[in-house]
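Structure first, commentary second.
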Amino acid sequence: MGRDKRNETGKEHFTKMLRSTMGTPAWRALTPVAQALYPWLKLEWRGPQNNNNGKIRLSVRQAAELLGINMKTAARGFHDLQAKGFLYVTEPARLGVGGDAKSPSFELTEIELPQAENNGGRKLYKEWREGADFSVHKAAMHNPRGTNGKTKPRPQNGNSTVVKFGTSQ
């Protein structure tokens with residue numbers, strides 16, 4: 001088996017968008033940001049021979065940069081795709097022991113998983129109904145106790161141990 005040449009510089013990479021998917025009520029209910037984000041997620045899929053569905057990773061930071069939007073707007077796009085059944089979180093984001101962050105792993109429900117038996121994908125978006133969104137997996141805040149989310153948590157008066165040092169005579 002040869003090397004994967006798709007991601008070499010100068011090589012084009014493409015994905016297809018299906019009219020049948022884009023014609024569903026779930027697609028029409030997506031925000032424009034979520035609709036713009038979806039093809040970028042599909043571009044992370046390696047194709048049927050090297051199927052990485054369920055292990056697709058695209059961070060909120062990367063998505064914001066690709067779309068030219070802020071990170072909160074990009075995060076809402078991910079949430080909307082989950083709520084409408086296009087995206088499913090297979091592994092949550094995490095911070096490794098060495099301090100390296102890892103974005104969540106996603107399944108595109110339009111595409112079958114590698115271990116599936118030619119089922120063509122779960123296509124959860126076909127089951128979506130207005131007012132009946134799917135559950136959304138949201139990453140925990142990075143600094144939930146900080147002041148305005150901008151500074152590191154710090155001890156408040158009265159909640160830390162005070163050690164008094166003195167000299168003996």
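The values are calculated or read from the model by the stated rules, or taken from the named source; none is laboratory data. Given the structure is predicted, the values throughout are model-derived calculations rather than measurements. Backbone-built Cβ (ideal geometry, glycine too); neighbour counts: all protein chains shown. Keep in mind that these areas ignore ligands, DNA and RNA; they rest on the heavy atoms of the full protein, side chains included. Shrake-Rupley method; radii C 1.70, N 1.55, O 1.52, S 1.80 Å.
Points to keep in mind about this one:
- Residues of the range 34-53 that are small (Gly, Ala, Ser) and modelled with pLDDT of 95 or more: 34, 36.
- Just one of the listed residues (29, 83) is open to solvent by less than 30 Å² (accessible area, probe 1.4 Å), touching a residue at least 40 places away in the same chain (Cβ under 8 Å) and out of contact with any strand residue (DSSP E or B) (no Cβ under 7 Å at 6 or more places or on another chain), namely 83.
- With respect to the conditions (1) open to solvent by 70 Å² or more (accessible area, probe 1.4 Å); (2) within 18 Å of residue 30 (Cα to Cα); (3) assigned to a loop (DSSP other than H, G, I, E, B), residue 134 falls short on a single one, namely (1).
- Reported count of residues in the range 32-72, each being open to solvent by less than 30 Å² (accessible area, probe 1.4 Å) and outside any loop (DSSP other than H, G, I, E, B), is 8.
- Of all residues in the range 51-92, those being farther than 22 Å from residue 112 by Cα, β-branched (Val, Ile, Thr) and under 9 Å from the mean Cα position of the chain (by Cα) number 1.
- In summary, residue 113 fulfils each of the numbered conditions (1) open to solvent by 30 Å² or more (accessible area, probe 1.4 Å); (2) at pLDDT below 95; (3) over 24 Å from residue 46 (Cα atoms) with the single exception of condition (3).
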